[in-house]
Amino acid sequence: HVAAGERIRSHRIRTRGADGPSRRCSVRRGVSVPTMTFVELFCDGEEPTGMVRMGSPFAVRVSFSSHQPFRPVLGIGVKTALGVPVFNASDRFARQLSLCDPCTQGTIECHIDALLLMPGRYFLDLWLGDQTHDIDIVFDAISFEVTPADLLGSGHLPPSSLGPVFCPARWSLQERTV
């Protein structure tokens, strides 16, 4: 059974991903002020999921609640099952929400047009703060499973052991005659 989302509790949460409870525990960093309350993952639809097909649109939805109003900035870090960083997306650099009104509660969504990861399990680290500093940091907040897709049209994919990122390429040949 796929976990649709996971409530983030005060210091530790059990994560649930594509195949039920994970063996890892999510951990808040010691200086965090618990502000993030819920995280959900979406792929190709409106129902939360823990499974993402290669190359599909992907969204992370994080709800938060604070006693003090702030202009929220969300950062996500994607890691392999071994904890190796793959990529980071943060509105601190994109500044797409920099003009929003300060608020105490809300939900932020990060949309990725095409998630080009190789099949396997991945974990998300989450940072929530404002333009200058982080308020709440949760490592291994939630996991998800990337499933294969025939993105090359050949029926073949490179093995995941060659790297976690799928990079579509085009090939050409200019034949030389002697």
Listed residue (TYR122, SER172, PRO102) projecting farthest to the positive dipole end of region 42-178, Cβ model: SER172
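If you build the convex hull over the alpha carbons only and average its shadow over all orientations, what do you get for region 111-178? Give it in nm² to one decimal.
On the way: hull surface 34.6 nm².
Average of the hull's projected areas for region 111-178 equals 8.7 nm².
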Ratio Rg/Rh [Cα only; Rh per Kirkwood] for region 54-178: 1.12
Estimated distance in nm for a label pair at THR147 and ASP113, the labels positioned 7 Å out from Cα along Cα-to-Cβ: 2.5
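Each reported figure results from applying straightforward, stated rules to the coordinates on display, with no laboratory input. Everything numeric in this text was worked out from a predicted model, so none of it was measured. Glycine also receives a Cβ, built like all others from the backbone with ideal geometry; neighbour counts cover every protein chain displayed.
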